[in-house]
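The values are calculated or read from the model by the stated rules, or taken from the named source; none is laboratory data. Source: prediction; values computed, not measured. Every residue, glycine as well, gets a Cβ built from its backbone with ideal geometry; the counts of neighbours run over all protein chains shown.
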Amino acid sequence: MFHAYIQGRFTNQEGTPDRLEIRRARLIFSGDPVSDLSYSFQADLAKAPYIMDAALTWKRYRAFRFTAGQFKIPFSAESLISDNWNTPIARARAVNSLAPGRDTGVQGRDTGLQISGTLPGSREPFVDYAVGVFRGQTLIYSPQAHYHAVAARAIAHPVSGLSAGADWYGSFDSTGTGPGAAVKRRSDAEGEYDRGPLKLRAEQIFARDGKLNRRGGYGLGAWRFSKTWEALARADWITTNTAKPNATSIAYLAGMNYYWGRYLKVGFNAGAQHDQRPGGFSSVTLAQVMVYY
């Protein structure tokens with residue numbers, strides 16, 4: 001099976017070097033060469049690492065799947081969502097800054113081994129889980145600091161449309177000279193309600209890098225009021241150092257998405273960010289056109 005998408009983006013924000021850019025150009029291949037084995041391969045022609053996913057999954061049992069290769073670290077709902085399916089144009093700042101693999105610039109990926117599955121309930125899936133061991137280096141491009149780490153994720157579905165759970169990530173060995181290279185810990189609490197035209201999602205991430213403690217999160221709401229139009233609003237917050245005062249900023253975003261069948265999505269987001277300093281408001285405007293197949 002083959003899929004592809006390309007995203008062109010306009011960004012109007014202070015400090016943005018490339019206001020008009022090809023943000024992503026992805027090629028995605030997946031399939032089942034034999035009944036119990038599947039593969040996934042994804043390449044990005046616009047960003048590094050150029051090989052995004054290259055993994056094999058043995059999936060004979062729904063409650064136990066074994067994955068090996070390069071794939072997304074099982075942490076944070078928004079980090080795991082594919083870019084072409086995320087409701088806002090850009091991920092929340094807390095996810096980009098604190099989620100493992102996002103904070104080191106490898107788009108949430110790592111190479112390793114993972115066990116995952118779905119534990120069934122009486123009528124619907126009850127718990128999704130994933131546990132993985134990662135080497136800290138991607139196949140094509142790796143950051144200077146390499147984190148050998150473990151990650152775990154468990155999401156419960158108590159009622160239809162509602163999910164809630166927690167994620168954890170911790171390094172047990174690392175090399176490199178980056179800040180906090182010896183110790184890296186992440187924990188995340190998240191919840192989501194997705195039913196009919198309504199989508200609600202919230203996350204809170206806690207991060208420790210050496211002696212530096214940070215935290216952040218977001219709350220997102222979206223309403224699909226027709227087949228082609230969707231409205232959204234989001235607030236996200238991040239504290240860059242919990243030991244210092246006035247280290248928290250909050251950003252507000254609102255926008256619309258237009259969908260044309262299965263091939264085109266046009267998004268427009270506008271908002272403001274507030275930092276705890278005099279004149280601490282700054283604005284942001286994002287516009288994106290995505291063609292996908």
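Observations on the structure shown:
- Inter-residue pairs, beta-carbon under 6 Å, first closer than 19 Å to residue 188 by Cα and touching a residue at least 40 places away in the same chain (Cβ under 8 Å) and in the range 72-94, second hydrophobic (A, V, I, L, M, F, W, C) and in a loop (DSSP other than H, G, I, E, B), 6+ apart: 75/99; 76/99
- Among (1) in a strand (DSSP E or B); (2) β-branched (Val, Ile, Thr); (3) under 19 Å from the mean Cα position of the chain (by Cα), the one test that residue 57 misses: (3)
- Of the residues making up the range 226-233, none is over 25 Å from residue 163 (Cα atoms) and modelled with pLDDT under 95.
- Residue under evaluation residue 52, criteria (1) modelled with pLDDT of 95 or more; (2) crowded, with 18+ Cβ neighbours inside 10 Å, criterion not met: (1)
- 3 or more residues within 25 Å of residue 12 (Cβ to Cβ): qualifying strands (runs of 3 or more DSSP E) within the range 179-293: 212-223, 229-239, 248-260, 264-275, 281-292
- Options 149, 145; residue that is among the aliphatic types (A, V, I, L, M), touching a Pro at 6+ places or on another chain (Cβ under 9 Å), at pLDDT below 95 and crowded, with 22+ Cβ neighbours inside 10 Å: 149
- Selection status of residue 246, in contact with a strand residue (DSSP E or B) (Cβ under 9 Å, 6 or more places away or on another chain) and either surrounded by fewer than 17 Cβ atoms within 10 Å (Cβ to Cβ) or acidic (Asp, Glu) (or both): yes
Yes/no matrix, rows are residues, columns are (1) more than 21 Å from the chain's Cα centre (by Cα); (2) of a type outside the set (S, T, N, Q); (3) loosely packed, with under 14 Cβ neighbours inside 10 Å:
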position	(1), (2), (3)
224	yes, yes, no
234	no, yes, no
239	no, no, no
257	no, no, no
270	no, yes, no
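- As for the range 10-23, it holds no residue that is modelled with pLDDT of 90 or more, buried (at least 20 other Cβ atoms within 10 Å of the Cβ), within 29 Å of residue 258 (Cα to Cα) and of a type in the set (A, V, I, L, M, F, W, C).
For every residue, the table says whether it meets (1) surrounded by fewer than 17 Cβ atoms within 10 Å (Cβ to Cβ); (2) under 15 Å from the mean Cα position of the chain (by Cα); (3) on the phi > 0 side of the Ramachandran plot.
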site	(1), (2), (3)
188	no, yes, no
192	no, yes, no
197	yes, no, no
203	no, yes, no
207	no, no, no
210	yes, no, yes
215	no, no, no
